[in-house]
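> This is the structure I have questions about; it appears just below.
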Amino acid sequence: MSVEQWDSMMRAITESKYQLLLGAGASLDSQGPLGRLPGGWDLAQEMATAFSLPGNPRGNLRQVFSMARSRVTADGQNVLAYMADRFVNCTAPSWYADLVSIPWRYIWSLNIDDSVENAFNKQFTEHAAKELVSVSWTDPHRVPSGHQAILVHLHGVAWAKKTDDLVFDISSYLYAVTQRHRWHSIFADSYLEAPTIILGASLNDEIDLENVLEKGRVQGGSEPSVIVMPTIDEFDKERFREWGLIPVEATAEEFLAEIRASWPDYFQQADVSADNPSRINPNVLSFLSQWHPIRAGSEYRLDDRHDFYAGHEPLYSDILRDLDSHRVLTDRVFREATSDEQQKVVCLTGSAFTGKSTMALRVARKLAEQNWTPYLLDPELRPSLEATLWWLRQHPRTLLIVEGAADFANDLAVMALRAKERGIPFKLLAVERRSRAREVRRSFTGVGFADVEVSDKLRDKEIEDLIRQLKGHGRLGIVADVGHTEQVEYFTQKHGRNLFSSMSNLEEADGFRSRVRTGYSLLKSETERAVFQAVCITSALGYGLPIGAAASVCGLPASELNALLHSESVLADFIRVAGGRLHPRHRAFGSYMLESSFSKQENYAVTLKLAQHYGAQISPAAISSRTFAYRMVRQLLDHEMLTVWLGGEHLDAWYEALQEMYAWNARYWEQRALGASKRGRHAPASSWARQAIAQHRDAFALNTLATVLFRRYLAEGGPEDSRTENLLEVAAYLEEARAIAAEDSEYPYITFFKYTLNWAERAKKANGSIDSRIVRRWNDWMHLVDISPITRSPDVRDQLKSFRRKWLLLA
């Protein structure tokens, strides 16, 4: 490994980014109850003898196991008892002390013994960096917290209860999308997206593993994946390199010893206050696995196609090179972040291409120059409250930065309040687009909060600074050869001070948006178009597209996708790779292309493939942990967004195609019901809304059912026919929703007032009066809303005033 590769790997290890893959060779040094554990060949021979199989099996373990399932040994043992005797209560070799000392995110094992479990929990507990959670491939989905590493036995465990749970050929399961095979799907995705160290895998007779590894990895500033073997011939070295693996000739013992010897220095860099960097506090591991420092050199590989002035998403290196111009609000954000208030949240919001992210990075640099350390939240993980508060207590000059803060607004708000209760400094810079900023604002109460909206209109001072910056870097484009007055007029008059418009047309006559649309039209293959469209859709939702999902959507192995993205292709001009994700060069690409260029048929196909791909990774554990897959699917299922992207006439078919996969999920039924209800299909909508209640009776599902029933009864003439009982039925569902909803949730109130007002208007028009039972219900709800925390929101207050005014006029 080069010095750069080693440094990149070690830095990523301190942040718990690495996963470990253990092949059969990793257990060969372990001792079982009957002696040293056998490899696959030897086990096949032993089992053939024990189960009295005729002839020589020639090491074919898969066939031997299949034949032994219906037999017993001379002692009357079936195959499960035999495996338990051979592979349970194992003793790991001494070098496992180094293995457990590394903070892995996942450990994937092709072995069925319990050597790893015993190393963590019995033999080398004092060396363990994390708590181990062990699961078999048949077990329910689990999501590791910051202080946990999950060990997944992809072939099952020797203490299995059923022979079907033990497998020695998983090739047919690798990309399975059923809940039963979830772990194999997660493994296939995880390998493509996360850096991996492979130990004890020969890859010569492990066909199941080759099916994943030979697809390769997409390289793009990501940390190296490594395969470690005692000896590697030239053919295998070349084969591994083609798969995106660095071949390292060493024993597992030697390689892990090198890591363990090096990592205290790297942890000392990450946490300068550590008294004993060889023994890391679990809170440090948890924090560093979720929050990554923004600092010089944090981008290990620079993308030579990256061009800040061409509208590409800003990198910290752009700020260090002083490519950004000064926005007036930057000083305010800096002052707010460094104010005397011990707990302070600054919400930076605005429309696309207003410079929010650039401003956040500039503030990060200004703070770094004053000995603060800014950290950026990894969007993959829900932030750990206790680990983050521990870190902030130890490192008070820390600024937390969260892009797309609405995803975790509630968690961050609780964190801010706990920090206030405990007297811990808490400084947060939350960045969110305007459409979701309300979710951030409403979450933070009881701590200092500053709402800073970045305008897309440039002030005079900002235009002068922008011209100065562009001139200094030779990037004035079409106004380079005119006078200063004309340059100013280009921004003020020709483009109305709009940052996006002026910058997008500065160097190319056809403009930024036209270049993107033209570039898409030049993509020659269906595969390239599918990748580009999937990246745009994911970006419009606020995320990067994981490599595994990209490969699934376009049907390309990662190695071919990698070649495409690093060639002189048009696709590479518009897509960048960072952190195992594909991103458009600028987020504005996604929304713009969805609005202007993609057909509804194309959107249908790509959104469906994305929903199918992530369906295998959605579970109650994923929902509880708010994983990336959950947050992606939550938005993909949204009926209003799908109506725009696909057209309402295609919604039923889209949801129908996902029913088998998502039938257990309440949100799936809610969104399907709301979409059908909006199009007047009230009978199936009512059934689907009740199905959501059956799956999970919470405030959202109850509110959905109430909405669907209100629409149905209003469509069927309930007010005109004096069927007040229908309204009272719906009100009862909303009263239940109100009782169990968060105290600041306005949804039950808004739903009640909106539809009851509609009902009352029609009832009075038809009958000349309003049923007194409806009036009483209205008054009760109005009394309750007046003392509810929801009135803290200006938007909600305005809605309530409108409802009250219309009701009084009606009365």
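Quick note: the coordinates plus some simple rules give every number you see, no bench work behind them. What you see is a predicted model; the values in this text were computed from it and never measured. Every residue, glycine as well, gets a Cβ built from its backbone with ideal geometry; the counts of neighbours run over all protein chains shown.
> With each run of n ≥ 4 DSSP H residues scored as -39500 (n - 2.57), what mean residue ellipticity at 222 nm is computed for the chain after dividing by its residue count and rounding to the nearest 500 deg cm²/dmol?
-15000 deg cm²/dmol
> Label Ser722 and Gln659 with points 7 Å out from Cα along Cα→Cβ: what is the distance between them in nm?
A separation of 4.1 nm, rounded to one decimal place.
> Right, another one. Rg/Rh for region 281-507: what does it come to with C-alpha atoms and Rh from Kirkwood?
Working: Rg = 18.7 Å, Rh = 18.6 Å.
Expressed as Rg/Rh, it is 1.00.
> Considering every Cα-Cα pair within region 376-464, what fraction, in whole percent, is farther apart than 17 Å?
Cα-Cα pairs in region 376-464 separated by more than 17 Å: 51 percent.
> Looking at region 281-507 only, what percent of DSSP beta bridges run antiparallel? Nearest 5 please.
15
> OK, next. Quick check for me: using +1 on Lys/Arg Cβ and -1 on Asp/Glu Cβ, what's the dipole size of region 281-507 about its Cα centre, in debye to the nearest 20?
Numbers: 33 positive and 33 negative charges, 133 e Å.
Computed charge dipole of region 281-507: roughly 640 debye.
> Set the Förster distance to 25 Å, then compute FRET efficiency between Leu417 and Ile740 from the Cβ-Cβ distance, nearest 0.05.
0.70
> Express in nm, to one decimal, how much length is gained between Arg697 and Gln31 on full extension, taking 0.36 nm for each residue of separation and deducting their alpha carbon distance.
Full-extension gain reported as 234.7 nm.
> Compute the signed sum of charges (Lys and Arg +1, Asp and Glu -1) over the other residues within less than 12 Å, Cβ to Cβ, of Glu253.
Net charge around Glu253: -3.
> Something else: Count charges around Phe51 for me, please; just the other residues with Cβ under 10 Å from its Cβ, Lys/Arg as +1, Asp/Glu as -1.
+1
> Rounded to the nearest 5, what % of DSSP beta bridges with both residues in the chain are antiparallel? Intermediate values should be presented prior to the final figure.
Values: 13 of 60 bridges.
About 20 percent, rounded to the nearest 5.
> Using Cα pairs under 8 angstrom and six or more residues apart, how large is the relative contact order of region 281-507, in percent?
27
> A further question follows. Which number do you get for Rg(Cα) / (2.2 N^0.38 Å) in region 675-811? List each step's numbers first, then the result.
Numbers: Rg = 14.7 Å, N = 137, 2.2 N^0.38 = 14.3 Å.
For region 675-811, the normalised Cα radius of gyration is 1.03.
> Normalised by the residues of region 38-89, what does the relative contact order come to in percent, with Cα pairs under 8 Å and at least six apart?
Reported as a whole number, the value is 29 percent.
> For Trp6 and Lys122 in the same chain, what is the full-extension length gain: residue separation times 0.36 nm, less their Cα-Cα distance, in nm? Before the final figure, lay out each step's value.
Values: separation 116, 0.36 × 116 = 41.76 nm, distance 3.10 nm.
Here the answer is 38.7 nm.
> Related question: Check which residues have an amide H placed less than 5 Å from Ser225's amide H, if you skip close sequence neighbours.
Thr196, Ile246
> Still on this model: For region 386-503, please report how many Lys pairs fall under 25 Å Cα to Cα, leaving out neighbours fewer than 8 apart on the same chain.
Summing the qualifying lysine pairs gives 5.
> Straight-line reach from Lys162: which aspartates and glutamates have a Cα under 13 Å away, not including same-chain ones fewer than 8 places off?
Cα-Cα hits under 13 Å: Asp139.
> Normalising by the residue count of the chain, find the relative contact order in percent from Cα pairs under 8 Å and 6+ residues apart.
10
> While we're looking at this one, here's another question. Under 1.5 on a/c is rounded, so check that first for region 38-89, then, if it is not, pick prolate when a/b is larger than b/c and oblate when it is not; a ≥ b ≥ c are the square roots of the alpha carbon gyration tensor eigenvalues.
On the way: a/c = 1.83, a/b = 1.18, b/c = 1.55.
Oblate, since a/c reaches 1.5 and b/c is not below a/b.
> Please compute the net charge surrounding Gly675, taking Lys and Arg as +1 and Asp and Glu as -1 over other residues with Cβ under 13 Å from its Cβ.
Values: positive: Arg667, Arg672, Lys678, Arg679, Arg681, Arg711; negative: Asp638, Glu640, Glu649, Asp652, Glu656, Glu670.
Residues close to Gly675 contribute a combined charge of 0.
> Among the aspartates and glutamates, select those whose C-alpha is under 18 Å from the C-alpha of Lys524, and discard any that sit fewer than 8 residues away in the same chain.
Glu560, Glu568, Asp573, Glu602
> Let me ask something else about it. Report the equivalent ellipsoid semi-axes for region 656-723 in whole Å, largest first, defined as the square roots of five times the eigenvalues of the gyration tensor built from alpha carbon atoms.
Its equivalent ellipsoid spans semi-axes of 23, 13, 7 Å.
> Using only Cα atoms, find the angle between the long axis of helix 699-715 and the longest principal axis of the chain, and express it within 0 to 90 degrees, rounded to the nearest 10.
The angle comes out at about 50 degrees.
> How high is the FRET efficiency from Lys494 to Ser435, r the C-beta distance, R0 41 Å, rounded to 0.05?
With R0 = 41 Å, the Cβ-Cβ based efficiency is 0.90.
> Quick one: if you stick a label point 7 Å off each Cα along the C-beta vector at Lys471 and His783, how many nm between them?
Taking the simple label geometry, Lys471 and His783 are separated by 7.0 nm.
> Also, I was wondering about something else. Any of Lys17/Lys609; Lys765/Lys806; Lys600/Lys678 with alpha carbons more than 23 Å apart? Name them for me.
Exceeds cut-off: Lys17/Lys609.
> Follow-up question, since we're still on this one. Tell me which lysines have Cα within less than 17 Å of Lys215's Cα, excluding those fewer than 8 residues away on the same chain?
Here the lysines satisfying the reach criterion relative to Lys215 are Lys237.
> Along the three principal axes, how long is the chain when you take its alpha carbons, biggest first, rounded to the nearest angstrom?
Result, largest extent first: 93, 74, 58 Å.
> A further question follows. Take the alpha-carbon centre of region 673-744, take the same for region 378-401, and report the distance between them in whole Å.
41
> Rounded to a whole number of µm²/s, how large is the Stokes-Einstein D of region 708-748 at 25 °C and 0.890 mPa s, given Rh as the Kirkwood radius over C-alpha pairs? Provide the component values of the computation, followed by the final result.
Values: Rh = 11.1 Å.
D, rounded to a whole number, is 221 µm²/s.
> Okay, next question. From largest to smallest, what semi-axes in whole angstrom does region 743-790 give when each is the square root of 5 times an eigenvalue of its alpha carbon gyration tensor?
24, 11, 5
> Kindly state, to the nearest 0.05, the FRET efficiency for Glu210 paired with Asp340, given R0 = 45 Å and r defined as their beta-carbon distance. Numbers along the way, then the final one.
Values: r = 60 Å, r/R0 = 1.33.
The value I calculate is 0.15.
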